[in-house]
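So the structure is just underneath, and the comments pick up after that.
The values are calculated or read from the model by the stated rules, or taken from the named source; none is laboratory data. Worth saying up front: this structure is predicted, and the values here are computed from it rather than measured. In this analysis, Cβ positions are derived from the backbone assuming ideal geometry, glycine residues included, and neighbour counts consider all displayed protein chains. Ligands, DNA and RNA are stripped out before the accessible areas are found, and what is left, the full protein with its side chains, is counted by its heavy atoms. Shrake-Rupley method; radii C 1.70, N 1.55, O 1.52, S 1.80 Å.
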Amino acid sequence: MSTFKHLQTLAVRTQAPRSSFMEHSTALHLTSSFLFENAEDMRSSFNEEKEKTIYSRYTNPTVDEFTSKMVLLEGAEAGYSFSSGMAAIYNTLAALLKSGDHVLCCHSVFGATLSLLNKYFVKFGVESSYFRVQQQGDLSGYLRPTTKILFIETPTNPGVEILDIAMMARFAKKHGLILIVDNCFATPVLQRPLQLGADLVVHSATKLIDGQGRVLGGVVVGKSALVEEIYQFARISGSCLSPFNAWVLSKSLETLYVRVEKHSENALEVARFLEEHSQVEMVRYPFLTSHPQYSMAREQMVLGGSIVAFSLNAGTHSAQGLIDALEMLSISANLGDTRSIITHPASSTHSKLTPSQRADAGIKENMLRLSVGLEHPEDIIEDLRKAMEKITK
Ligand SMILES: *Cc1c(COP(=O)(O)O)cnc(C)c1O
């Protein structure tokens, strides 16, 4: 299968071995365990003398199909899938870190990733330091002899700021750190961090990979020695991806390229509209020339992605007022869905952070995060235009 030249084809055509029924679409192996021929077969399988599916907490053909597609799309050596994006991040960190280790992490990472590090990993003797996106050019002041992992996310959630993955990879290599990139916002369609020197890539498959707001899932892909360590921990910790969710996600990958390309096209149109609007104070979108890391984004990403951050003119109207005036856009916590979604991070997804933590993460109090969907861009723009008109009356 991996002889196809184009990733788009691999996303569509990679499939678990067909059953005797010769199903065309991919089969769903909804089973917790698998049979053995005899006692010796079971003994040798458990002793890892042969590769065999034993129990779905370890491996499952439908889950493996989804994982192998992600491995191919990211250009990785190996991978393992999880019940959610946070399960992928937690298991990756827990498997690789030990008491006394230090993590260097960007302030602008997913809120739950921050909580995991500064509320829970500290209990086990793992300390973390945080840097702002603007400091990415010089991180040496944060290094300790015990620094083991450099963790970043780009574009960042929800501020849509950009970190230079190749530069981060050179820094990590120079200092013997494992570089982990949360590639959730870009997906392998827009950027492939492993090709730029990252060691591991983590994903919340819940977002653009499902892309239709149905199931949760997560995956880690990258260097096989690291993935093996993560796998050995994961088969004990039990955060495995459900075969049903894997089946949904594997089918979703067949349309990932067309969806992400269209999302990006629509988002650029919406971002351009917002930039022109007199009530809008700030718009952040990687492929707008006004973006502070515009040239970095152009270098690193194929297109700008589906997320636009913006704020209204200070003093005129509250961010929440705009949300309430919208008719079509959904008020929800998900992103990367076919349906456009708006959130006010400071009062919802990032309300657990202190105002100074929000400032460090590039989240202004009046900033809105817009996940641009696959509706016609004119209808999305019309909804925003009318809502802004309504709140001025
Ligand atoms: C949503 C998200 C996660 C967590 O994923 P879940 O599937 O919700 O556990 C991690 N990183 C980023 C960037 C996200 O947007």
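Considering LEU93, LEU114, the condition of being within 30 Å of GLN195 (Cα to Cα), within 16 Å of the ligand (Cβ to nearest atom) and at pLDDT below 95 is satisfied by LEU114 alone. Looking only at residues of the range 65-90 that are buried (at least 24 other Cβ atoms within 10 Å of the Cβ) and part of a strand (DSSP E or B), we find that the one that is nearest to the ligand (Cβ to nearest atom) is PHE82. When you scan the range 211-229, do you find a residue that is charged (D, E, K, R), assigned to a loop (DSSP other than H, G, I, E, B) and within 13 Å of the ligand (Cβ to nearest atom), even just one? The answer is yes; a qualifying residue exists. If you check THR289, THR338 for being outside any helix (DSSP H, G or I), under 22 Å from GLN191 (Cβ atoms), open to solvent by 10 Å² or more (accessible area, probe 1.4 Å) and free of Cβ contacts under 8 Å to residues at least 12 places away in the same chain, only one passes: THR289.
For the subset of the range 122-178 comprising residues that are out of contact with any His (no Cβ under 6 Å at 6 or more places or on another chain) and aromatic (Phe, Trp, Tyr), which member is surrounded by the fewest Cβ atoms within 10 Å (Cβ to Cβ)? Among those that are out of contact with any His (no Cβ under 6 Å at 6 or more places or on another chain) and aromatic (Phe, Trp, Tyr), it is PHE124.
Within this structure, LYS123 passes the test of being within 21 Å of ILE149 (Cβ to Cβ) and not in a strand (DSSP E or B). Restricting attention to the range 1-37, the residues being among the β-branched types (Val, Ile, Thr) and open to solvent by 80 Å² or more (accessible area, probe 1.4 Å) number 1. Here the condition is being of a type outside the set (Phe, Trp, Tyr), more than 26 Å from ARG259 (Cβ to Cβ) and open to solvent by less than 40 Å² (accessible area, probe 1.4 Å); of VAL372, VAL280, VAL308, it holds for VAL280 alone.
Output the qualifying pairs, or none if there are none: Cβ atoms under 8 angstrom, residues six or more apart or on different chains, first residue in the range 150-161 and on the phi > 0 side of the Ramachandran plot, second residue at pLDDT 95 or above and among the aromatic types (Phe, Trp, Tyr). Going by the 8 Å Cβ cut-off, the qualifying pairs are VAL160/PHE185; VAL160/TYR285.
Report yes if ALA387 is surrounded by fewer than 15 Cβ atoms within 10 Å (Cβ to Cβ) and farther than 25 Å from ASP210 by Cα, otherwise no. Answer is no for this residue.
Every listed requirement among (1) over 18 Å from VAL220 (Cβ atoms); (2) open to solvent by 20 Å² or more (accessible area, probe 1.4 Å); (3) part of a helix (DSSP H, G or I); (4) in contact with an Asp or Glu (Cβ under 9 Å, 6 or more places away or on another chain) is met by THR53 save one, (3). Checked against (1) open to solvent by less than 10 Å² (accessible area, probe 1.4 Å); (2) assigned to a helix (DSSP H, G or I), GLN195 passes all but a single condition, namely (1). For the range 341-357, the set of residues classified as more than 27 Å from LEU253 (Cα to Cα) and either acidic (Asp, Glu) or surrounded by fewer than 20 Cβ atoms within 10 Å (Cβ to Cβ) (or both) consists of SER347, SER348, SER351, LYS352, LEU353, THR354, PRO355, SER356, GLN357, listed by residue number. Residues in the range 1-18 that are farther than 16 Å from PRO243 by Cα, modelled with pLDDT of 90 or more and of a type in the set (Gly, Ala, Ser): ALA11 alone. Here the range 38-50 is the region considered, the condition is being of a type in the set (D, E, K, R) and over 23 Å from ASN91 (Cβ atoms), and the residue that is surrounded by the most Cβ atoms within 10 Å (Cβ to Cβ) is ASP41.
Each residue in the range 366-393 was checked for being touching a residue at least 24 places away in the same chain (Cβ under 8 Å) and acidic (Asp, Glu), and 3 of them qualify.
Looking at HIS263, HIS203 in this structure, which one is in the same structural domain as THR154 (by TED's automatic domain parsing), open to solvent by less than 10 Å² (accessible area, probe 1.4 Å) and within 16 Å of the ligand (Cβ to nearest atom)? Result: HIS203 is the single residue among HIS263, HIS203 that is in the same structural domain as THR154 (by TED's automatic domain parsing), open to solvent by less than 10 Å² (accessible area, probe 1.4 Å) and within 16 Å of the ligand (Cβ to nearest atom).
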